[in-house]
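Engineer: Sharing a structure below in structure tokens format, with a few things to ask.
The values are calculated or read from the model by the stated rules, or taken from the named source; none is laboratory data. It should be emphasised that the depicted structure is a prediction, and the values quoted were computed from it without experimental measurement. When we count neighbours, we look across all protein chains shown, and the Cβ atoms used for this are built from the backbone with ideal geometry, even at glycine.
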Amino acid sequence: MGVVISMLRGVNVGGKRKIKMEALRALYESIGLRDAQTLLQSGNVVFRTTRKDLVGLTKDIESGIERKFGFHSDVVVRTSAELRDVIARNPFAKRAGVDASKLLVSFLVSDPGAEARGNVLRIAAEPEELRIDGREVYIYFPNGMARPKLSMAVVERTLKTSWTGRNWNTVRKLMEMAEGMEG
């Protein structure tokens, strides 16, 4: 069985689109996913599956959320190997002085294509730093994430694909959970 990480977009934010993690784990189990574990209250789920069609799997999870909780949430999935690669490709990893708590990875639902990637890199982002690699956008917020100058809405419109962001510490914890399931 392969290990997969799923991340829901926009749940339990500002008291809206609430999902209890116990109910989310139960939903995953009900659609045949095994050993579902959640991290935090933001819809991070690590699980085992024999399914290879991740697009179909994603649609099944989204449909299950709509049926059970009454709203749509985009779901982004990555295999444990893909998440390991996301960590390895971190463009800020070797730079001295980077505070990991100020690094965000935006996981894109789909590859936006070369043109959109080029357009997003032309967005004025200072003092934030934005890098894009495949289906991930890495953003460093040197002054913290509370009041960024960079408009995430502009980034999303430019990419023309939905995404969900996780801070670097959460990305690392999700990887640890996935590796624990693999071992």
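Residues checked against (1) among the small types (Gly, Ala, Ser); (2) in a loop (DSSP other than H, G, I, E, B); (3) assigned by TED's automatic domain parsing to the domain that holds Ile19; (4) touching a residue at least 12 places away in the same chain (Cβ under 8 Å):
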{"residue": "Phe47", "(1), (2), (3), (4)": "no, no, yes, yes"}
{"residue": "Val55", "(1), (2), (3), (4)": "no, no, yes, no"}
{"residue": "Glu62", "(1), (2), (3), (4)": "no, no, yes, yes"}
{"residue": "Glu66", "(1), (2), (3), (4)": "no, no, yes, no"}
{"residue": "Phe71", "(1), (2), (3), (4)": "no, yes, yes, yes"}
{"residue": "Pro91", "(1), (2), (3), (4)": "no, yes, no, yes"}
{"residue": "Lys94", "(1), (2), (3), (4)": "no, yes, no, no"}
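Engineer: Any idea which of (1) surrounded by fewer than 20 Cβ atoms within 10 Å (Cβ to Cβ); (2) under 24 Å from Lys173 (Cβ atoms) is the one Lys68 doesn't satisfy?
Structural biologist: (2)
Engineer: Continuing with the same structure: Given the criterion among the hydroxyl-bearing types (Ser, Thr, Tyr), part of a strand (DSSP E or B) and touching a residue at least 40 places away in the same chain (Cβ under 8 Å), identify the matching residue among Ser106, Ser101, Ser110.
Structural biologist: Ser106
Engineer: Also: Taking the range 134-160 on its own, how many of its residues are surrounded by fewer than 18 Cβ atoms within 10 Å (Cβ to Cβ) and either in contact with a strand residue (DSSP E or B) (Cβ under 6 Å, 6 or more places away or on another chain) or under 30 Å from Asp35 (Cβ atoms) (or both)?
Structural biologist: Count: 1.
Engineer: When Ser30 is evaluated against the numbered criteria (1) touching a helix residue (DSSP H, G or I) at 6+ places or on another chain (Cβ under 9 Å); (2) closer than 21 Å to Phe107 by Cα, which criterion, by number, is the only one it fails?
Structural biologist: The failed condition is (2).
Engineer: Continuing with this model, one more query. Being at pLDDT 95 or above, of a type in the set (Ser, Thr, Tyr) and surrounded by 14 or more Cβ atoms within 10 Å (Cβ to Cβ) is the requirement here; does Thr38 meet it?
Structural biologist: Against the criterion (at pLDDT 95 or above, of a type in the set (Ser, Thr, Tyr) and surrounded by 14 or more Cβ atoms within 10 Å (Cβ to Cβ)), Thr38 does not qualify.
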